[in-house]
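Written below as C-alpha cells is the structure these notes are about.
Rule-based calculations on the coordinates, nothing more; no lab input. Since this is a predicted model, take the numbers as computed values, not measurements. Counting neighbours? That spans all protein chains shown, and the Cβs are built from the backbone with ideal geometry, glycine included.
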Amino acid sequence: MLRIVILGAAAGGGLPQWNCGCANCVDARGGKIAASTQASLAVSVDDTNWFLINAAPDLRQQLSATPRLHPKHCALRHSPIAGVILTNAEVDAVAGLLSMRETSPFALYAHPRVLAVLQSNPIFDVLNPAHVARVPIAPGTPFIPDSADGRPAGFEVTPFAVAGKQALYLEGAANTDEGDTIGLTLRDHASGKTAHIVTACARITADLVARLDGADAIFFDGTLWRDDELIRSGLGHKTGARMGHVAMDGPDGALARLDGVNAKRKVFVHINNSNPVWQRDSAERAAVTRAGWEIGHDGMEIVL
Ligand code: MLT
Ligand code: MN
Ligand code: ZN
C-alpha cells in the first residue's frame with residue numbers, strides 16, 4: 001500500500017503569503033478559504049518509515065499537523081522520517097532541511113546539481129554528515145530508499161528529467177541544465193501501484209505525457225491557472241513560462257496537454273496563492289473538476 005500525504009499544497013510563499021493582499025490571501029486570512037502551506041509530500045508503504053518529497057519552509061508546522069510523522073515508541077529522540085527526496089533546489093523545496101538539524105539520522109536523495117547547491121551553502125552543514133547521508137540520484141536510474149533499519153523501503157523511485165530551470169535565487173549565477181528539476185515515479189513493490197510526482201514543470205512534452213499515462217496517481221504542478229496570471233493581477237511581472245511553471249489553462253496548459261492521460265487520481269499541487277482554483281465556487285475550479293482533476297490540500301491522504 002503506497003500512502004501519500006500532501007503536507008503542503010501551495011507554491012512558494014504559501015497561502016496566504018506574508019506580504020500579499022490578493023483576494024485569495026485575504027480570504028485565507030479571513031478563513032473563507034483554507035490556508036495552505038508550501039508544497040511537500042510524504043510517502044510510505046509501511047506507515048513506519050516515511051520519506052519526504054521536498055522539505056518546505058513550513059516543515060515544522062506540517063510535521064506538527066501530521067500525527068503519522070510524530071516521534072514514536074516513546075523514545076526521547078525519534079522520527080519516522082527515514083529520508084528526504086528533493087526535486088529541485090528552490091527555497092520552497094529545501095528550506096525545511098534547516099528544521100531537521102537536531103542530529104536525527106536520515107538520508108537525503110537529490111540530483112548532483114541540487115546536492116552541489118546545498119554543498120555550496122554552508123548553512124546546510126547543520127545537517128551533520130555523521131547522521132545525514134547525501135545520496136546522488138540520476139534521471140532514469142531507479143533506486144530503493146533505505147528504511148531506518150537499513151532495509152529496502154518497499155518502493156522504488158525513478159527520477160526523470162522535467163523541463164524546468166535552476167532555482168530562482170541562482171538565476172544569473174548558473175545556467176539551467178538537466179537535473180535542476182526532476183520528477184519522481186514511485187512504484188510500490190507489493191502492489192505494483194505507481195504514482196508520479198511533478199511539482200515543477202515548464203513544458204509538457206510527448207515523453208512526459210507517455211510516462212504519466214496509466215498511473216494510479218499523478219501529483220502535478222498547479223502553480224498558475226493562466227500563464228500571465230501574475231501580470232494581469234498586478235502581482236508580478238513574470239509569466240509562468242518564465243518561472244518554469246506550465247499553466248493549467250491554455251492550449252499548452254496541463255488540462256489540455258494531459259487530457260488524454262489515463263490516471264486514477266490526478267491532483268494539482270504547488271498551487272500559487274494567485275490561482276483562482278483556490279476559490280471553491282470559481283469557474284476555474286469547476287473547469288479543473290470537470291477535467292477530472294482534484295485540487296490538493298494540506299493533509300490530503302491518498303492510499304494506492
Ligand atoms: C518556484 O517554484 O518558482 C519558486 O518556488 C519560486 C520562489 O522560490 O519564490
Ligand atoms: Mn516553488
Ligand atoms: Zn496572494
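Net charge of the neighbourhood of Lys193, taken over other residues with C-beta under 10 Å away and scored Lys/Arg +1, Asp/Glu -1, is 0.
The mean sequence separation of alpha-carbon pairs under 8 Å and at least six residues apart, normalised by the residue count of the chain, gives a relative contact order of 19 percent.
Each Lys or Arg adds one and each Asp or Glu subtracts one; over the other residues with Cβ under 12 Å from the Cβ of Ala107, this totals 0. Of all lysines in the structure, the ones whose alpha carbon falls short of 28 Å from that of Lys193, not counting any fewer than 8 places away in one chain, are Lys72, Lys264, Lys266. Extending 7 Å from the Cα toward the beta-carbon at both Val126 and Ala210 defines two label points whose distance is 4.4 nm.
Counting only lysines at least 8 places from Lys32 when in the same chain, there are none with an alpha carbon closer than 20 Å to its own.
For the chain, the 222 nm mean residue ellipticity estimated from helices alone, with every DSSP H stretch of n ≥ 4 adding -39500 (n - 2.57) and the total spread over all residues, rounds to -4000 deg cm²/dmol. When Rg and the Kirkwood Rh are both derived from Cα coordinates, the Rg/Rh ratio for the range 195-289 amounts to 0.96.
Subtracting the Cα-Cα distance of Asp47 and Ala190 from their residue separation scaled by 0.36 nm leaves 50.0 nm. Summarised in one figure, the compactness ratio Rg/Rh of the chain, Cα atoms and Kirkwood Rh, is 0.94. In this rough spin-label picture, where each label sits 7 Å from Cα along the Cβ direction, the Arg134-Arg77 distance is 2.1 nm.
By DSSP, what percent of the beta bridges with both residues in the range 128-229 are antiparallel, rounded to the nearest 5? That works out to approximately 70 percent antiparallel. When the square roots of the Cα gyration tensor eigenvalues are ordered a ≥ b ≥ c, the ratio a/c for the range 64-124 is 1.5 or more and a/b exceeds b/c, which makes its shape prolate. Within the shell of other residues whose beta carbon sits under 15 angstrom from the beta carbon of Thr239, the net charge comes to -1, with Lys and Arg scored +1 and Asp and Glu -1.
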